[in-house]
Structure formats: C-alpha cells, structure tokens
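First comes the structure, then the notes that go with it.
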Amino acid sequence: MLIPVTLLTGFLGSGKSTLLSQILRDPEFANAAVIVNEFGEIGLDDFLVTHSEEQTVEMTTGCLCCTVRGDITQTLLDLYEKRETGQISPFNRVIIETTGLADPAPVIHTLVTEPRIAKRYMLGGVVCTIDTVNGLATLAKHEECQKQVAVADCLVYMKTDIDVDEAALHDLYNEIKHLNPLAIKQDRHGVDFNLSNLFNTTLYDPKKDHYDVARWLNDTVLHTHHNDHDHHHHHNGGIETFSLIFDDPLPSSAFLLAMQLLISNQGKDLLRIKGIVNLQEQSDRPIILHGVQHVFHEPLELDTWPSEDQRTRLVFITRNIPKQTIELFFKTWLSYDAEQVLEMSR
C-alpha cells in the first residue's frame, strides 16, 4: 500500500512547528516520519534524542525525524529503503514540513511525476497553518502566503487563544473562506479540534477501502458558498475558485486535447484542478483528474461511478484566469467534432 505524504506549509511565524509538535505528541502518530530542512530550525524542543549527524534519528515519541539532504526525491527514497531493510522503525505516513516562504507545488510535482516516488508514496494532502494575529496583513502583502492558502486541503487557524481584534478576525475568516472555500478549516484551540481531520483529505479512504470522490472534491461547499455570487470569487492576487459542471458525457478527444492545451499555455496560473469526468467512449467508468500547475497525476479510471451523480465536475483554483475564460475555452473545444479535433492536433 502506498504511504501517504502530507505537506505542512504556512507562512513565516504562522505556527507550523507548534502544530507539528502537537502531532508528534499524539500516540496516534507514533508511526509517522517527519522530514524537515534542518533539525535546528524546526524547534521541536525535547523530541529529538540528540542533534545527531545522521540523516534520520528516532525521537523520544517513537517518531522518525529526517533532514533533507540534496533533493526531496532522494530523501524519500532513502527513507523508504531504510524502512524496507529494517534500519529504521516502520512508518505509515510521512509529514514534510516546508519553510515559511516555500511554494508547495514543487514537492507536489515530485510526488506526482517521479516514477520511483509514485510507486511508494501518494499525496495525502496539503495542510496550511494560518496566523490569526498577522494573517490578514500577510495575505495582503505576500503572494506566497496566498498561494499556500489557495492550494491547501486543510487550513488550521493558529493563535486563536490570543486576544485578537474581533473585526480583524472576522475579516480574516472571510478572506480565507473566499480564497479557498473547499478546504477543511479547523481552529487549533477550538473544542472540536481533531488532529486526525488534518489527514482526512485523500481521494482514497483506506478505512473504507474505496475512493471518496465527494469528500475529495467537496464541490457542494463551493456551490453553497457562491450561491449569491455567480458561483465564483475574485481575490487577492487574482486567485479564484470555481467549478464547471457538464451534464452530458464529453467527447474524449476534444476534452483531452483541450486539457492539454490549457495546461501547456496556462499551467503556471492553474494552481490546482480536481475533477471527475464522464467521457462518451466509457461513460460507465469515470476518470479522476488532479493537477497542480503544469503537472497532472496520471488519470485514474474508476470501475464504477461513486454515486448516482454522473455529471463531469471540475474544480479550479486559478490565478488571473476568470471563470468565464475557462468556460468559453471548453465550450469552444467541445463544439468540435472528432475529425476537426484530429486535424487541429496534427
């Protein structure tokens, strides 16, 4: 079974290390391996046995801590080999803590495109910490922060135990809600805070042994949230979140070519795309699409539809690409017949 990898991101000072320390104290995550850039920078207090020169050390909680040496690919491969050969304790998940200014996309690209990684690991999700004290100002000033929030599967509000101006907090919550309505949102100091929910964002649900497309897409939230706003929003940095729904099965050649052209021409501004697709040539077996910027997972073909809803549903998080542009693009391409598409693809 593939090992899920969760990216823990968040802007400088947003509380990543605090949240990670809490995760590592929880017995449920005793079989986790955490990858950090440097032991000294993450501030895990007493968790490390020593500041060893070894790349991988076991913590007092039983978790493994591993520093990045070279690129993340080699680090993940080394970790897996040590696991298989018994050099380290077996782990059932990996958490990668990124730096505060890091763009999550390159690590996601690695998990998706590197064949050796894809045979061993899967993207479990992106968790982003939000500084409720300085978050609104940070979002306004830093594109990196906007992007971290936009691509996250789960957002965790930190520092809510501090006395924060209620009006400013309300504005922050609204901005985050508009920037990423699809993400699971948790308050670290809320009574219902549950660490397990940070990791319940994968397409495949191992507990139920099936693909939970509804939970993964979460597009019903999008339509509820955008009910009075033409089903989309425009945000800081030109980031928008919206969905497209096609009632009828789509012609495979036209749709796939349209996707290829969209990715090749606009990839840097397609922050994330998720979708389930009904193609005319195989309408009984839906296709799952998942991409981050220029890079897409290999399309996954399901044996059956997960629900009675068999419409194509695509969820987009874009930067400086309005919903109307994407709608017109697909409408144009899907109007061509197979011969026209074949001729244009030559």
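The values are calculated or read from the model by the stated rules, or taken from the named source; none is laboratory data. The structure presented is a predicted model; accordingly, all values stated were derived computationally and were not measured. Virtual Cβ from ideal backbone geometry, glycine too; neighbours counted across all protein chains shown. Side chains are part of the model used for accessible areas, which takes the heavy atoms of the whole protein and leaves out ligands, DNA and RNA. Shrake-Rupley method; radii C 1.70, N 1.55, O 1.52, S 1.80 Å.
Here is a yes/no grid of residues against (1) in contact with an Asp or Glu (Cβ under 6 Å, 6 or more places away or on another chain); (2) open to solvent by 60 Å² or more (accessible area, probe 1.4 Å); (3) modelled with pLDDT of 85 or more; (4) within 30 Å of Leu24 (Cβ to Cβ):
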{"residue": "His178", "(1), (2), (3), (4)": "no, no, no, no"}
{"residue": "Val191", "(1), (2), (3), (4)": "no, yes, yes, yes"}
{"residue": "Pro206", "(1), (2), (3), (4)": "no, yes, no, yes"}
{"residue": "Tyr211", "(1), (2), (3), (4)": "no, yes, no, yes"}
{"residue": "Ala214", "(1), (2), (3), (4)": "no, yes, no, no"}
{"residue": "Leu222", "(1), (2), (3), (4)": "no, no, no, no"}
{"residue": "His225", "(1), (2), (3), (4)": "no, no, no, no"}
{"residue": "His229", "(1), (2), (3), (4)": "no, yes, no, no"}
{"residue": "Gly237", "(1), (2), (3), (4)": "yes, no, no, no"}
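Of Leu328, Leu342, which residue is open to solvent by 60 Å² or more (accessible area, probe 1.4 Å) and at pLDDT 90 or above?
Leu328
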Flag if Ala150 is over 20 Å from Val36 (Cβ atoms), crowded, with 17+ Cβ neighbours inside 10 Å and hydrophobic (A, V, I, L, M, F, W, C): yes
Single unsatisfied condition, Val156 versus (1) open to solvent by 20 Å² or more (accessible area, probe 1.4 Å); (2) under 30 Å from Leu76 (Cβ atoms): (1)
Subset of the range 91-135 (residues that are modelled with pLDDT of 85 or more, of a type outside the set (Lys, Arg) and open to solvent by 60 Å² or more (accessible area, probe 1.4 Å)): Asn92, Pro115, Val133, Asn134
Condition met for Asp165 (open to solvent by 10 Å² or more (accessible area, probe 1.4 Å) and modelled with pLDDT of 90 or more): no
All positions within the range 281-306 that are polar (S, T, N, Q) and open to solvent by 60 Å² or more (accessible area, probe 1.4 Å): Thr304
Members of the range 101-119 that are closer than 20 Å to Leu12 by Cβ, not hydrophobic (A, V, I, L, M, F, W, C) and not in a helix (DSSP H, G or I): Asp103, Pro104
